[in-house]
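J.: To start, I am sharing the structure in question, which I have written as structure tokens.
The values are calculated or read from the model by the stated rules, or taken from the named source; none is laboratory data. What you see is a predicted model, and the numbers here were worked out from it, not measured in a lab. Glycine gets a Cβ as well: all are built from the backbone with ideal geometry, and neighbour counts include every protein chain shown. Side chains are part of the model used for accessible areas, which takes the heavy atoms of the whole protein and leaves out ligands, DNA and RNA. Shrake-Rupley method; radii C 1.70, N 1.55, O 1.52, S 1.80 Å.
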Amino acid sequence: MIKRSIAVLAGAALLGAVPGVDGATKKTIALGDNYYAPKTVTVAKNTTVTWRWPGFEEAGDVHDVKLKSGPKGVKKFQSESAATDYTFKRKLTVSGTYKIVCTLHEEMTMTVKVRK
Ligand SMILES: [Cu+2]
């Protein structure tokens, strides 16, 4: 368990090292049991969306972030499964509707709309 947490943290640190594009906007989505908050969000093109798992104190069930459907040409993505202290980032460069689901809880869904 501890070993896994360290691996997850290392992964998050690597993602964090990716330099941000000048003027790029950011949006953070919180994960809970069993929901994403906010459930729907509209962002500008090239926004980096960060899904943030709860901290150790609030840790609950294990969740992940999977792109169920997105605009044409966007590759599907899926985060690791984690319960706490994890973040997953994606820069959304194509306008359209991104439907996100947790593969462990099919009712746990959200939508990101990227403006043109
Ligand atoms: Cu879940």
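J.: Can you list residues whose amide H is under 5 Å from residue 43's amide H, if they're 5+ apart or on another chain and H is modeled 1.01 Å from N?
T.: 113, 114, 115
J.: What are the ³J(HN,Hα) couplings of region 42-59, residue after residue, when phi is run through the Karplus curve with 6.51, -1.76, 1.60 and θ = phi - 60°? Round to Hz, x for glycine and proline.
T.: Along region 42-59, the couplings run 10, 10, 6, 4, 6, 6, 8, 9, 10, 8, 10, 6, x, x, 3, 5, 9, 4 Hz.
J.: Could you give the length gained by full extension between residue 46 and residue 69, i.e. 0.36 nm per residue of separation minus their alpha carbon distance, to one decimal place?
T.: Numbers: separation 23, 0.36 × 23 = 8.28 nm, distance 1.79 nm.
The span from residue 46 to residue 69 would gain 6.5 nm if fully extended.
J.: Can you spot the lysines whose alpha carbon is less than 19 Å from residue 75's alpha carbon? Ignore those fewer than 8 places along the same chain.
T.: Filter leaves 45, 66, 89, 91, 99, 113, 116.
J.: If ligands, DNA and RNA are left out, what is the accessible area of residue 113 with a 1.4 Å probe, given in Å² to the nearest 10?
T.: Roughly 100 Å² of residue 113 is accessible to a 1.4 Å probe.
J.: Heavy-atom accessible area of residue 50 with all protein chains present, probe 1.4 Å, nearest 10 Å²?
T.: Looks like 10 Å² after rounding.
J.: Once the Cβ-Cβ distance between residue 94 and residue 58 is put in as r, and R0 is 35 Å, what FRET efficiency do you end up with, to the nearest 0.05?
T.: Working from the Cβ atoms, E equals 0.60.
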